[in-house]
1. Which shape class, rounded, prolate or oblate, goes with the protein assembly as shown when its Cα gyration tensor gives a ≥ b ≥ c as root eigenvalues, a/c under 1.5 marks rounded, and past that a/b bigger than b/c marks prolate?
2. From the square roots a ≥ b ≥ c of the eigenvalues of the alpha-carbon gyration tensor of chain B, which class results: rounded (a/c under 1.5), prolate (a/b over b/c), or oblate?
3. Ignoring ligands, DNA and RNA, what percent of the accessible area of the protein assembly as shown is carbon or sulfur (1.4 Å)?
4. Modelling each spin label as a point 7 Å along the Cα-to-Cβ direction, I'd like the B:I18/B:E58 distance in nm, to one decimal.
5. Can you give the FRET efficiency to the nearest 0.05 for B:S51 and B:H76, using r as the Cβ-Cβ distance and R₀ = 25 Å?
6. Using only the Cα atoms of the range B:37-102, build the gyration tensor, take square roots of its eigenvalues as a ≥ b ≥ c, and label the shape rounded, prolate or oblate: rounded if a/c is under 1.5, else prolate if a/b is larger than b/c, else oblate.
7. Please work out the average accessible area per residue across chain B, using the 1.4 Å probe convention, and give it in Å².
8. If one computes the Cα centroid of the range B:46-92 and of the range A:24-83, what distance in Å separates the two points?
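The values are calculated or read from the model by the stated rules, or taken from the named source; none is laboratory data. Source: prediction; values computed, not measured. Please note: Cβ atoms are built from the backbone with ideal geometry, for glycine as well, and neighbour counts cover all protein chains shown. Note: areas computed on protein heavy atoms with side chains; ligands, DNA, RNA excluded. Shrake-Rupley method; radii C 1.70, N 1.55, O 1.52, S 1.80 Å.
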Amino acid sequence: NAGVMQNPRHLVRRRGQEARLRCSPMKGHSHVYWYRQLPEEGLKFMVYLQKENIIDESGMPKERFSAEFPKEGPSILRIQQVVRGDSAAYFCASSPNEAEQFFGPGTRLTVL
Amino acid sequence: DQQVKQNSPSLSVQEGRISILNCDYTNSMFDYFLWYKKYPAEGPTFLISISSIKDKNEDGRFTVFLNKSAKHLSLHIVPSQPGDSAVYFCAATSGTYKYIFGTGTRLKVLA
């Protein structure tokens, strides 16, 4: 049973470009969470999704950030018009219910 | 406002000795606490957890202690091994999916 998969592992974007981060949850998991870790900080909750539904996006910046978890395919975290302050590690986690979360390896986004 | 604090950014311990990692929290509504271990270039891996109805939980070399009155928990690793060298994150939740993480403590176990 493969773990949570994230791709790409590293992503470099110039200011103003779009970043798309993908997360495939563990098999049988229908709950997906996105966290962001800025340098020297802990992971901060961004958004919680179930298939086709955003349950809680209280940790998402109001502008430029969006997330989806379609019926088919991975969950996508999309950042439009990236700025240098978006540079961070973005972790996805999944769970079979609202219990223990299993984390993926993360995507390290660098904005030049 | 940092609700979960890990005040020691780093800790070095000799192999075979005890490692004690500390975590403080401010929100009295937190009722479930977790420790995660993170190696470089990997995601956090769940290590051990404790519910607020307990004051101790043990799993092999890892023991977590919870002091609710002091809003403090600690992770004890004994004996420490070089493979334990990693960043350890404390996390807390008030019965929901929203984990609040500390900033982490980098543990280095010296051979």
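1. Details: a/c = 1.83, a/b = 1.55, b/c = 1.18.
The shape class here is prolate.
2. On the way: a/c = 1.84, a/b = 1.53, b/c = 1.20.
Because a/c hits 1.5 or more and a/b exceeds b/c, chain B counts as prolate.
3. On the way: 5350 of 11170 Å².
With neighbouring chains kept in place, the figure for the protein assembly as shown is 48 percent.
4. So the label points at B:I18 and B:E58 sit 1.2 nm apart.
5. Values: r = 18 Å, r/R0 = 0.71.
The computed FRET efficiency comes out at 0.90.
6. Numbers: a/c = 2.23, a/b = 1.26, b/c = 1.77.
Here the range B:37-102 falls in the oblate category.
7. Values: 5430 Å² over 111 residues.
Accessible surface, normalised per residue, equals 49 Å².
8. That distance is 28 Å.
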